[in-house]
Every structure is written in structure tokens, then in C-alpha cells.
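Each remark here refers to the structure printed beneath this line.
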Amino acid sequence: MKHLLTATALAAVVSVAAAGSAVARDQIRIVGSSTVFPFSTAVAETFGKTSSFKAPVVESTGSGGGIKLFCAGVGTDHPDITNASRRIKNSEVEKCAANGVKEIVEVKIGYDGIAIGQSKAGADLKLTKKQIFLALAAKVPSGNSMVANPYKLWSDIDPSLPKTKIEVLGPPPTSGTRDAFVELVMREGAKAFPDIKKLGKKEFRAISDRMREDGAFIEAGENDNLIVQKLEANPVAVGIFGFSFLDQNADKIKGAEVEGVKPTFEAIADGSYKVSRSLYFYVKKAHVGVIPGIQEYVAEFTSEKAASDEGYLADKGLIPLPPADRNAMRKGATGLVPLKM
Amino acid sequence: MTEPSFEKIAGPGAAMANSKGLMPDREAALVRRRYRAEARFKALGVAAIVCAISMLFLLVGSIISTGWSAFYQYEIALDIKFDKAEIDLTNPRNANYGGLVKSALSAQFPEVSGRTNKRTLYGLVSSGADYQAMEVVLDDPSVVGNTRRVWVLASDDIDSLLKGFIDRSLPEADRRVKNKELVWIDRLKTDGRVRWSMNTVFWKSGDSREPELAGFWGAIVGSFFTLLVTLALSFPVGVLAAVYLEEFAPKNRWTDFIEVNINNLAAVPSIVFGLLGLAVFLNFFGLPRSAPLVGGIVLSLMTLPTIIIASRAALKAVPPSIREAALGVGASKHQVVTHHVLPLAMPGILTGTIIGMAQALGETAPLLMIGMVAFIVNVPGGVTDPSTVMPVQIYLWADSPERAFVARTSAGIMALLGFLILMNALAVILRKRFERRW
């Protein structure tokens, strides 16, 4: 028994000591958005298999969390690349620079559509952004004043809509999908009312960004698969989720028309379906040449094999950039042109 | 002081029944009511057990019914022509095996033309087919220059179709598998070029974005390394702390304070340990992110209180007569502990340790903060290599859009449950075999 104890104690000491002298990293580290995660991982895997480098480690931390880690400093302890489902903010670039991360290369990889979907068994929905705002905002205009949202049925908003209960499952505020939905749909919908539009930025956002809390809008968690399952079980419910989940579950759920356009691959790619956002990743230029393979990874991500209409990322649900933008982006990315805000 | 009368103790009814030897109706009704109350109570207990067991069956049943299909996979036979011009035998890894697989498919369906049609055709087999073709060459270089029938994995959608999860009667637009693919697959089937086999990829490889290539082995190895570190740290520290507190420490305010704190530590939510790990081990000591080493240290903080509490209970259960006897024949305190008390308490200590380890095995929250929730293709080779653990792998798959990951998720859960049952069974066996009752 004594031997066992000494042996385990020794093993503990040795393993800690071994880690203290951690060797230089030979593997790219990527953090960031959970929306970009499926694409980033697909590239990482292919990159690991087809190059002489190790497959990068990709963490899903959310866009904001990723940028925070990315901007923490230069050196092998910090990630080399961060994915983001929104553009990096000015304040974040400044924070980066303050920590010594001065040169950042921005790579735009494509678009992600946000679908408003429902079960195949439900009645077809044809919505406008104004109607979605009226269905989901906490406060809506009525006459000359703002009142707590009184709408219970879709047909209360507009008689052309089905006579079913408003029941919308959406992402929680921590999710990038929610941010994008608010920005692309709720704010646009609110702008349809001149009285709200002329408000100051703060008052406007207080109305446009607040979702109702009386049970008609349900925060269903970050897992889009869960939302899809709930839609299947409840034909009345409507869900808000990423396009790739609609694409994968086309036999069970259908997308609602927004402003007369259905969420399809083509409609998002040509820009006619408006509820879509750009996806990015950011590369720390100071790490290029220190951590092996960064340039090659960027080249793989922006290659036609990955990022074109027929690339493997399109199979995963990424909506690619138009060819001209793609070429310009590839040039900037492989040339590692730093970002200027 | 007078003795309390019998009536005062047992109540008036008892005295009456005792003295007269018969029960009036009121008393009989009371007894019947008591029996009924007991029967009701027992029925509630049985109902609770039935309720719990049916929940368990529902859970396990749903996991097994969705997960069992992940344990087999469909394969498609291709006659691959290993062209001498394509493969350089001095560097066989560099050849374009994707091209070879594609030309084998084209040769199988010569009538398919057009870019999109060909792309769909090539999508019948997994992107892993290239590596399977490469493996064939690496195993047997003499194949170069010949044509050989190779069984390659079907892609995830085709696999789902062959497993019967895709409804052919749906309109084409609603299906992931289109009509022309159905025709091709049916032809391959009648040619005997489709078969199923056990899913060995699942047990052999790391994570992948393609469901048919995604394996659990990377996560199993990651869990193993993490638990190794946890055990190496928490077992000696936990047992020594317990021995000191139980056998040597004086009973005073300080030891009371320590005891209260250990008990509180056992109730701290695990995410707190993750934050601690991030702040101390990653930011301060600069240990590597996503490494089983840090994961193990964090989890050992979590299991320490469990081990200390279980070990103290086991030490307490050793009767004082053993200690006194040993002291009586002249053993030192140290000898009493290491020669007699510890060996006798060991089965109980090990049981507690295993239960603590099983808890650590299922933990994800603290690992989130230290970067172990990550996509990692390579199977880790040591405690400082980036890795995930089993529950994290399950979480990542559950979040993936591809439908075929649903079955993989459940299969992963089954594997994790299997390990947990194994560990708990070990604890039970240890207890049954070696524990001594006094």
C-alpha cells in the first residue's frame, strides 16, 4: 500500500513538472463563433488530412468570447484565429492593439441565413418584417401610444395570416443568431412605424430590441436541433434558427417567406432573402511564421474547393460569396493584408 | 417519584384491550385504519419505484432505439483501378486517391454526365473513401497497376437511406437523397455492391465533421488521460488528508473549521472549479489550453472532497480495538495506520474514489472554461495534447446540424453509460469482496 501511495504521488509530481516545460505549439488554435464552428471545423479536418500540418484545434466560444481571447495578447498561449458571426467592433480592435495585437487580417467567408421555420403540417406563413416585429416586440404602437403587445393570434396582426396562436421559439440573448435577428428583422420592422423611427437611438432600441415576455416568444436555448424537434412536435409553433438546420431537416420543416422570399440557398446567395449575415474569421498576423500552417489554413479556407458554390462548405450550409468578391477576398487573405477600421 | 402507569405509556385503548382481552368496535376501526394507512403508504412507495424505473426505461429505451443504428454502417464496393501513372510508389501518400475513387464511380455509371450530376454521383461515397483507397495501397503496394474491389463507406445521407431513415415516398424536394441517387443506389444494390458492416470507425478514430467518419476513440482516450491525472492528484492527497484528520489531528476549532470547509467544497457547483482553473492554471501558471492535464487538475479539485469524506468514513469504520491492540504490542502510531488501519479501510476508500472518478467522468461544465469543448481530430497521445472528453463529445455532436449525428450522439451516450456502469460495478465488487464487517 505504501508503494502504491508513493508511486501515485510521484506520478502526479512528474506529470505536473512535464507540463511546466510545455513545448512550443505546432498546432493552430482557433476560437470563436458557434455559427462559424461547423465550417471552421470542416476546413480544419480537411487541412489536417491533406497537408503535412496537424489539424487545428477549434473551440466554440461565441463571437464575443472568441475575440476577447484572441485580443488577450501575442504569443503561443493565445489563439491564432478567431471566428465571428459579426464584424469585429472598433472598440475590440482598440483593445486588441492595447494588448499588442496590432495587425489583424480579416477574412469574410460567406453568409449565413436565419430561417423562420415551422412544421410541414402547419399553414404556410408569409410574413413581413413589420408583422414579425408586431408579433414579437414587447411593446407595439397602438393609436398614438405604446402598449404591451396585445396580439394573441397571427390573424390579429393581419387578417391574411393564419388563425393560429403566436408561438415563436427563438435563441436566447447570449446567442449571435439572436443579435442578428434583432438587427435584421426587429429593428427593420420597427422602422416601418414613423413614430418609432424618429425616436433617438436609445429609445428606438428600447422598443425594437425588447422581445415580449408573455409566453408568445420562447427562448429555446442555443441548440438549434432542439428547436427543430419542438417544431416537429407542435405544428403551430414557429422557430428561428440557422439555415443549415432547415437545409438538413427539409423533410420535416419548411421555411416561412419573409418579404415575399423563401429562405433557399439561391435566395440567400443572391441577396434577395434579406435575413442573412456575413461570417468572418480574423487572423493574428504576428503568429504567421511562428505557428506553422496558418497561411496554408487560410489558403484552404478561401480555396475554390472549400468556399465556392460547389465547395464542401456549401454542403455544410455556408452560403458562399459571389465569385468576384471571393477572388478579392482570397487575394487579401492570402496576402495577409491587415484590417483597417 | 412514582412509576408512570401503563395507561400513561400505551394510551387508554391499550389498557382497555389489555385488561378486558377484547376490542370495542371503535378500537377495531382504528386498527383497520392503521392497516389501511400502512397499505396506502406501501403502495405509494411501490408507485414511486415503478415511476422511477419506467422513467429510466424510457430514457435508456429512447437512447438505444436512436443510437443502435450508429453501430453499423453501409459500404459500397468500387472497382478502383490503381493506376501506375497516378501513384508514385516512393511516396504513395501523395497520390490523388480522390481522383481514383471518382473515376471508379464514373466507370460504374458511364451514362452520368454533366458537372452537377457527376458531383452528386461522387457524393454517394464518403469523403473518407480517398483515405480507404490509400490504406489499400499502403497495406499492399503490389496492388498498383491492378484493379481491385474496395469496400468504401457510403456518405451519411446514403447511409441513412439504406438504414431506412429516409422516406422514399416524400416529394423529391423534401428529401436529402434525390431520385437519381435512388436509382443509382438501387442498381448498386442489385449488383451486390452494397453491404453493411460493423462501425469500426466509431471505435478507432477521433472527431470528424462527416458523421460517417466521426469516432469516439479520441474522446475515450481524452477521458482516460484526464481521469489519470485526476486520480494521480486526488487519490494521494485525499487519502493523506483523511488519514491525518481522522488518525492524527487533534480535535479543536481548526480541524472543525477544515471539516466544515471540506463538506462545503463537496457542494460547490462544478463550473466554479472551471473558472478557477482558467484563472489559476491557464492564466497564472500558463499551462496549455484544452489539455487533459488541466482538465484533470480541475476535476481533481472536484473529486477531492468526495474522496476525503468517503475515506474518513472508511477509516472511522475500523474498530478502535484494532488500533488499541496494535498500540498494545508496541507499534508506533505510524505503524498502526499503515500496517493495520489503512489496509482494512482500503476497500471503502477505493469505493469512494471510484464513485468520485465516475462523477468526474461525466462532468462537462468545468471543462468548458479551460477549452476542452473543442473540435479535435487527432487522438491525443499524452496529457498535454489537446483533447476532449466523452460527455463533451456528446454535447458537440448533439449540436451538429447533420441528421446522422443524432444516432452518433446516442451511441456516444451508450458508450459513456457503459463506462459508468463498469466503474460502479467495480466499486460494488470491491465492496462485496474485500469489505469486512465488524
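The values are calculated or read from the model by the stated rules, or taken from the named source; none is laboratory data. The model shown is predicted, which means the values in this text are computed figures rather than measured ones. As a convention, Cβ positions derive from the backbone with ideal geometry for all residues, glycine included, and neighbour counts pool all protein chains shown. Protein only, heavy atoms only, side chains kept; ligands, DNA and RNA dropped before computing areas. Shrake-Rupley method; radii C 1.70, N 1.55, O 1.52, S 1.80 Å.
Can you compute the equivalent ellipsoid semi-axes for segment A:152-282, i.e. the square root of 5 times each eigenvalue of the Cα gyration tensor, sorted largest first and rounded to whole Å?
Numbers: eigenvalues 107, 78, 52 Å².
Ellipsoid semi-axes (Å, largest first): 23, 20, 16.
Could you give the accessible area per residue of chain A, probe 1.4 Å, as a whole number in Å²?
Details: 14580 Å² over 341 residues.
On a per-residue basis, 43 Å².
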* To do: Would you compute the Debye intensity of segment B:71-206 from its alpha-carbon atoms alone, equal scatterers and no solvent, and pass along log10 I(q)/I(0) at q = 0.16, 0.21 Å⁻¹ to two decimals?
  => -0.85, -1.32
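Direction-averaged shadow area of the convex hull around the Cα atoms of segment B:260-352, nm²? Numbers along the way, then the final one.
On the way: hull surface 31.1 nm².
Quarter of the Cα hull surface area: 7.8 nm².
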* Compare each residue of segment B:204-248 in its chain alone against the assembly with all protein chains, and report those whose accessible area goes down by 50 Å² or more; 1.4 Å probe, heavy atoms. => B:R209, B:A232
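Across peptide A:38-50, what mean number of C-beta atoms from other chains lies inside 10 Å of a residue's C-beta?
On the way: counts 6, 1, 2, 9, 5, 1, 4, 10, 3, 1, 4, 7, 2.
The mean count of partner-chain Cβ atoms within 10 Å per residue comes to 4.
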* With label points built 7 Å along Cα→Cβ from the Cα atoms of B:N179 and B:K118, find their separation and express it in nm. => 2.4 nm
* Asked: Which value, in Å to one decimal place, does the Kirkwood hydrodynamic radius take for chain A when every pair of different Cα atoms is included?
  -> 22.1 Å
* Asked: Over all distinct Cα pairs, what is the inverse of the mean 1/r for segment A:272-341, reported as the Kirkwood hydrodynamic radius in Å?
  -> 13.3 Å
* Asked: Percentage of Cα-Cα pair distances in segment B:350-438 greater than 23 Å, rounded to whole percent?
  -> 37 percent
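What does the extension gain come out to for A:V290 and A:L336, with contour length at 0.36 nm per residue minus their alpha carbon separation? Before the final figure, lay out each step's value.
Details: separation 46, 0.36 × 46 = 16.56 nm, distance 1.46 nm.
Length gained, A:V290 through A:L336: 15.1 nm.
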* Using the alpha-carbon centroid of each, what span in Å lies between segment A:86-149 and segment B:357-411? -> 30 Å
* Which of the residues in segment B:287-310 show a loss of at least 50 Å² in accessible area from their chain by itself to the complete set of protein chains, at a probe of 1.4 Å? -> B:R289
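Taking beta carbons within 10 Å but only from partner chains, what does the mean come to for residues B:395-403?
For this peptide, the per-residue mean of nearby foreign Cβ atoms is 6.
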* Highest GNM mean-square fluctuation, chain A, Cα pairs closer than 10 Å: which of A:A233, A:A137, A:A123? -> A:A233
* Asked: Taking only C-alpha pairs under 8 Å that are 6+ residues apart, what is the relative contact order of segment B:71-206 in percent?
  -> 40 percent
* Asked: ³J(HN,Hα) across segment A:153-166 via Karplus (A = 6.51, B = -1.76, C = 1.60, θ = phi - 60°), whole Hz, x for Gly/Pro?
  -> 10, 4, 5, 5, 7, 8, x, 6, 7, x, 8, 10, 5, 6
* Structure fact -> Ratio for segment B:217-434, C-alpha Rg to 2.2 N^0.38 Å, reads 1.16
* To do: Could you go through segment B:301-314 in sequence order and give the Karplus-derived ³J(HN,Hα) for each residue, using 6.51 cos²θ - 1.76 cosθ + 1.60 with θ = phi - 60°, rounded to whole Hz, and x for Gly and Pro?
  => 4, 6, 8, 3, x, 4, 5, 4, 5, 5, 5, 5, 4, 5
* Asked: Computed over the Cα atoms, what is the radius of gyration of chain B divided by 2.2 N^0.38 Å, N being its residue count?
  -> 1.46
* Asked: For chain B, what's the relative contact order in percent, using C-alpha pairs closer than 8 Å and at least 6 residues apart?
  -> 18 percent
* What's the Kirkwood radius of segment A:30-154 in Å, using all Cα pairs? -> 18.2 Å
* Could you check the simple spin-label distance between B:K81 and B:S62, using points 7 Å along Cα→Cβ, in nm with one decimal? => 5.3 nm
* Between A:M211 and residues 5 or more places away or on another chain, which pairs have amide H atoms under 5 Å apart, with H built 1.01 Å from N, and which residues are they? -> A:A138
* Structure fact -> In vacuo Debye sum over C-alpha of the protein assembly as shown, base-10 log of normalised intensity I(q)/I(0) at q = 0.06, 0.07, 0.10 Å⁻¹, listed in q order, is -0.50, -0.66, -1.16
* Go through segment A:316-332 residue by residue and turn each phi into a ³J(HN,Hα) via Karplus (6.51, -1.76, 1.60, θ = phi - 60°); whole Hz please, and just put x for glycine and proline. => 8, x, 6, 8, x, 6, x, x, 5, 4, 4, 5, 4, 5, 5, 4, x
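How big is the B/A interface in buried accessible area, both sides summed, 1.4 Å probe, to the nearest 100 Å²?
Values: alone 24690 and 16530 Å², together 37300 Å².
Buried surface at the B/A interface: approximately 3900 Å².
Could you provide, to the nearest whole Å², the per residue accessible area of segment B:217-434 with probe 1.4 Å?
Working: 9150 Å² over 218 residues.
Dividing the accessible area of segment B:217-434 by its residue count gives 42 Å².
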* Using a cut-off of 15 Å between alpha-carbon atoms, which aspartates and glutamates can reach A:K254, once sequence neighbours fewer than 8 places away in the same chain are excluded? -> A:D124, A:D224, A:E232, B:E172, B:D174
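So, with a 1.4 angstrom probe, what is the percent of accessible area on the protein assembly as shown that is carbon and sulfur? Present the calculation step by step, with values, prior to reporting the outcome.
Numbers: 22390 of 37300 Å².
Carbon plus sulfur share of accessible area: 60 percent.
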* Can you give the convex hull volume of the alpha carbon atoms of segment B:203-331 per residue, in Å³? -> 168 Å³
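Quick one: which of A:K230/B:K180; A:K49/A:K108; A:K49/B:K102 span more than 26 angstrom between C-alpha atoms? Walk me through the intermediate numbers first.
Details: A:K230/B:K180 32 Å; A:K49/A:K108 24 Å; A:K49/B:K102 18 Å.
The answer is A:K230/B:K180.
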